[in-house]
Amino acid sequence: MKNKIFKPRYYQHIDKIVDIGDIVQKVKDKEYIKQHSFYPFISYTIQFKKYSETIDDDTQHHWKFKKRPIKYASHIDRCIYQWYSFNLNNRYNQYCLDNDLNYSAIAYRTNLKGKTNIEFSKIAFDFIKKCKECYILVSDFSSFFDFIDHNILKKNLCKVLNTDKLEDDLYKVYRSMTKYAYIEKEKIIDYLISNKIETKDSVTTNNSLFENIQWKIAKKDLKNEIKINKQKYGIPQGSPLSGIFANVYMIEFDKLVKDYVKEKSGIYMRYSDDLIIVIPKNQVGSINEIWHYLKGIKDKYPTLEMNLNKTSGYLYENHNVKSLHKSIIGMKNGNNFISYLGFSFDGNYVKFRDKTLTKFFYKLYRRIDDMTKRENERILKGKKKKTKIDKHRIIKVLNISSGESRKFIDYVYRAKKVYKNEKYIINFSKKVKSKIFVRFEDNKKRQTKVGV
């Protein structure tokens with residue numbers, strides 16, 4: 001059991017990498033938790049490219065740069081969060097069963113038999129087909145985790161746990177997630193190197209960031225860099241507790257929306273901050289009616305904001321999907337296909353979402369170009385060919401890789417098992433091979449023009 005709950009991780013943090021066997025009893029001891037001093041989260045920002053339907057002003061491509069702050073817990077704190085997440089998930093799962101929410105809140109769940117976004121998207125699309133005529137609303141929340149209201153979260157934790165007051169140990173954990181402390185990783189690195197405690201090489205290879213200086217000493221020097229969340233909302237995204245806290249926070253929202261939709265013979269599903277509502281056309285007057293009801297429920301959560309730019313309304317009838325973006329001012333043009341959880345549905349066929357494919361093929365093309373470039377540089381230097389770079393070699397490398405491309409290929413295989421009758425899903429591997437061949441031939445033509 002402990003191996004399923006406590007997952008080892010090998011990143012650098014303030015404390016050293018822990019041996020799971022040494023800390024299991026500690027994190028299960030409520031008295032230990034009550035006395036435990038949580039370390040600050042370490043924070044850094046990742047920048048990644050995101051597909052844009054229009055040409056971005058900065059990049060001049062169908063890409064724009066997006067930043068996402070990441071905060072991750074120390075090793076001992078992470079294990080504490082894993083233990084409390086495990087226990088809270090069990091109570092939350094029972095709450096969902098008791099309140100008919102088991103298939104409404106579907107992210108971060110531990111009792112849905114390994115179902116993923118693939119299975120959940122199919123449930124939604126199959127229901128739409130079964131309705132024959134229905135309204136569909138797809139929406140999400142802006143900066144979901146950053147605006148989780150602490151008072152509502154605490155109240156709902158008590159409700160799920162069937163108590164009037166959080167026990168002292170859980171309250172300590174709750175406080176560490178709401179009034180959390182954090183420090184930027186670059187500030188730590190700068191401190192260690194500028195004070196000659198570490199070198200550029202050693203700071204990346206040590207077991208702990210504070211291998212050669214005690215944290216309690218460094219903490220005094222870095223006290224001005226340690227920030228505290230003083231807002232009455234927001235939890236760090238990425239900790240083992242973040243997902244279950246978010247689900248507990250949304251129990252009233254989920255129950256009210258589910259009851260409304262169920263009364264109208266529809267379905268409601270929320271995957272973290274992404275939600276979909278499907279209601280038969282003969283049960284509701286318009287997409288506006290659904291939208292206004294949803295907004296009214298949202299108002300019970302003052303800090304949450306529905307992202308209208310990512311909200312789309314549709315009418316499905318006669319095997320066609322029609323965007324209803326003109327019905328609500330500011331609503332996104334859905335382009336007559338429904339996008340949900342990485343897949344799109346045009347009324348007849350399910351496909352991988354365009355954004356997902358664009359990201360995959362961008363990385364794939366970059367890999368092809370890099371492989372070809374490296375080999376051509378060897379040839380120009382008069383060296384023998386190291387490997388035969390051709391289209392078949394590229395496919396072989398892709399299939400044996402362990403990076404994001406390989407993960408996506410595995411994802412495709414899983415999707416093919418779920419969407420057994422969808423030709424665009426089933427034949428996607430052939431599309432990948434075809435695009436690799438085209439890219440390879442384009443590279444050959446470019447090389448011929450420059451005389452390589």
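The values are calculated or read from the model by the stated rules, or taken from the named source; none is laboratory data. What you see is a predicted model; the values in this text were computed from it and never measured. When we count neighbours, we look across all protein chains shown, and the Cβ atoms used for this are built from the backbone with ideal geometry, even at glycine. Heads up: the accessible areas ignore ligands, DNA and RNA and are worked out on the full protein's heavy atoms, side chains in. Shrake-Rupley method; radii C 1.70, N 1.55, O 1.52, S 1.80 Å.
Name the residue that is farthest from LYS185 (Cα to Cα), counting only residues in region 195-218 that are open to solvent by 100 Å² or more (accessible area, probe 1.4 Å) and outside any loop (DSSP other than H, G, I, E, B).
LYS216
Of all residues in region 37-48, count the ones that are among the hydroxyl-bearing types (Ser, Thr, Tyr), open to solvent by 60 Å² or more (accessible area, probe 1.4 Å) and touching a Phe, Trp or Tyr at 6+ places or on another chain (Cβ under 9 Å).
Residues that pass the stated criteria total 2.
Let's see how each residue does on (1) assigned to a loop (DSSP other than H, G, I, E, B); (2) surrounded by fewer than 24 Cβ atoms within 10 Å (Cβ to Cβ):
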residue	(1), (2)
ALA246	no, yes
LEU256	no, yes
TYR260	no, yes
SER265	yes, yes
MET269	no, no
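Answer with yes or no whether GLY330 is at pLDDT below 95 and touching a helix residue (DSSP H, G or I) at 6+ places or on another chain (Cβ under 7 Å). Steps first, answer last, please.
Values: at pLDDT below 95: yes; touching a helix residue (DSSP H, G or I) at 6+ places or on another chain (Cβ under 7 Å): yes.
In short, yes.
Kindly indicate whether any position in region 24-36 is modelled with pLDDT of 95 or more, in contact with a Ser or Thr (Cβ under 7 Å, 6 or more places away or on another chain) and crowded, with 16+ Cβ neighbours inside 10 Å.
No, there is no match, as no residue in region 24-36 is modelled with pLDDT of 95 or more, in contact with a Ser or Thr (Cβ under 7 Å, 6 or more places away or on another chain) and crowded, with 16+ Cβ neighbours inside 10 Å.
Here are PHE141, PHE125: which of them is modelled with pLDDT under 95 and crowded, with 18+ Cβ neighbours inside 10 Å?
So the residue among PHE141, PHE125 that is modelled with pLDDT under 95 and crowded, with 18+ Cβ neighbours inside 10 Å is PHE141.
Would you confirm whether any residue within region 166-174 is surrounded by 15 or more Cβ atoms within 10 Å (Cβ to Cβ) and in contact with a Ser or Thr (Cβ under 9 Å, 6 or more places away or on another chain)?
no
Identify, from the list ASN282, ASN288, the residue that is assigned to a helix (DSSP H, G or I), more than 30 Å from ILE17 (Cβ to Cβ) and in contact with a helix residue (DSSP H, G or I) (Cβ under 9 Å, 6 or more places away or on another chain).
Working: ASN282 fails: in contact with a helix residue (DSSP H, G or I) (Cβ under 9 Å, 6 or more places away or on another chain).
From the options ASN282, ASN288, the qualifying one is ASN288.
Identify all residues within region 311-321 that are exposed (fewer than 14 other Cβ atoms within 10 Å of the Cβ) and under 21 Å from LYS355 (Cα atoms); write none if there are none.
none
Could you check how many residues of region 74-114 are assigned to a loop (DSSP other than H, G, I, E, B), open to solvent by less than 60 Å² (accessible area, probe 1.4 Å) and basic (Lys, Arg)?
Residues flagged as assigned to a loop (DSSP other than H, G, I, E, B), open to solvent by less than 60 Å² (accessible area, probe 1.4 Å) and basic (Lys, Arg) within region 74-114 amount to 1.
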